[in-house]
Amino acid sequence: NFKDLMYALGKLETNRSEFECAIGLEISGILIKENGEAGERVAGLVKESGYASYVNANEAFLFKIPDDWSLEDAATVPVAYYTVYYAFFIKSLVKSGQSILIHSGAGGLGLAAIQVALSYGLEVFATVGDDEKKKFLLEKFSKLKAENIGNSRDSSFEEMIMKQTNYRGVDFVLNSLIEEKFQASLRCLAEGGILLEVGKL
């Protein structure tokens, strides 16, 4: 996940002991039963030291891996979805009929956020970096409208949001953009709207 990448590149400050615990929260593998037999394929989160041959995991933080996923695929899912859960239902409370702007919609977190937002009946706006990513989102999410997808490379998405919401703005912005695009994101919020900040820089 992106947080692990930022730690590995030295973009997030930490001391060595924190570093050893901070990377590798996502896991996937085979659940071993109490009798030692192999059980279901599972993925999830652990508190620390996920880079290992085996881990002691809390089953409350595990999920069964779908048959058509590889273990490698499954290991990319937990942080994105738990981040969305935390942002949408712990730090705020999204509800059907509300609207949200999700930046970097074709990234791991963006895809998870769009899926959850659509399943909860929110009107979803998203940004992407190019037309290929826009096409990908439209193919993946049939409920997503082409006119609700803007550009994340500049602040032109602000005009799109204002036009599509009749200048009301959105109830939530899941933000990972910086500088002038961050300021534009703030201006996209409706009165009383909530900024969910997940940017790393």
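Looking at GLY110, GLY169, GLY150, GLY97 in this structure, which one is under 19 Å from the mean Cα position of the chain (by Cα) and more than 14 Å from LEU196 (Cβ to Cβ)?
Values: GLY110 fails: more than 14 Å from LEU196 (Cβ to Cβ); GLY169 fails: under 19 Å from the mean Cα position of the chain (by Cα); GLY97 fails: under 19 Å from the mean Cα position of the chain (by Cα).
Within the list GLY110, GLY169, GLY150, GLY97, the selection yields GLY150.
Looking at (1) open to solvent by 30 Å² or more (accessible area, probe 1.4 Å); (2) within 18 Å of the chain's Cα centre (by Cα); (3) not hydrophobic (A, V, I, L, M, F, W, C), find the lone condition where SER185 falls short.
Looking at each condition in turn, SER185 falls short on (1).
Please list, ordered by first then second residue, the pairs with beta carbon atoms under 7 Å, 6 or more apart or interchain, first in region 89-115 and without any contact (Cβ under 8 Å) to a residue 60 or more places away in the chain and within 14 Å of ASN148 (Cα to Cα), second aromatic (Phe, Trp, Tyr) and open to solvent by less than 50 Å² (accessible area, probe 1.4 Å).
So the pair list comes out as ILE114/PHE141.
State yes or no: is GLU191 in contact with a helix residue (DSSP H, G or I) (Cβ under 9 Å, 6 or more places away or on another chain) and charged (D, E, K, R)?
Answer is no for this residue.
Inside region 146-182, can you point out the residues that are of a type in the set (A, V, I, L, M) and open to solvent by 50 Å² or more (accessible area, probe 1.4 Å)?
The initial filter retains those residues of region 146-182 that are of a type in the set (A, V, I, L, M), namely 146, 149, 160-162, 170, 173-174, 177-178.
Within region 146-182, ILE178 is the sole residue that qualifies.
From (1) open to solvent by 40 Å² or more (accessible area, probe 1.4 Å); (2) under 16 Å from LEU109 (Cβ atoms), pick out the condition that doesn't hold for ILE194.
(2)
As an exercise: evaluate ASN148 against (1) touching a Phe, Trp or Tyr at 6+ places or on another chain (Cβ under 6 Å); (2) polar (S, T, N, Q); (3) closer than 29 Å to ASP4 by Cα and give the number of the one condition it does not meet.
Against the list (1) touching a Phe, Trp or Tyr at 6+ places or on another chain (Cβ under 6 Å); (2) polar (S, T, N, Q); (3) closer than 29 Å to ASP4 by Cα, ASN148 comes up short only on (3).
Take region 116-132 and flag every residue that is of a type outside the set (Val, Ile, Thr) and touching a residue at least 24 places away in the same chain (Cβ under 8 Å). Spell out how you get there, then give the answer.
Here is the first cut: in region 116-132, the residues of a type outside the set (Val, Ile, Thr) are 117-123, 125-126, 129-132.
Residues satisfying the conditions are ALA117, LEU118, TYR120, GLY121, LEU122, GLU123, PHE125, ALA126, GLY129.
Just checking, how many residues over region 39-79 are at pLDDT 85 or above and touching a Cys at 6+ places or on another chain (Cβ under 6 Å)?
Of the residues in region 39-79, 0 are at pLDDT 85 or above and touching a Cys at 6+ places or on another chain (Cβ under 6 Å).
Taking only region 121-142 into account, find how many residues are open to solvent by 50 Å² or more (accessible area, probe 1.4 Å) and in contact with a helix residue (DSSP H, G or I) (Cβ under 8 Å, 6 or more places away or on another chain).
So the count comes out to 4.
The values are calculated or read from the model by the stated rules, or taken from the named source; none is laboratory data. Small disclaimer: the values here were computed from a predicted structure and weren't measured. When we count neighbours, we look across all protein chains shown, and the Cβ atoms used for this are built from the backbone with ideal geometry, even at glycine. These area figures cover heavy atoms from the full protein model, side chains too; ligands, DNA and RNA do not enter into them. Shrake-Rupley method; radii C 1.70, N 1.55, O 1.52, S 1.80 Å.
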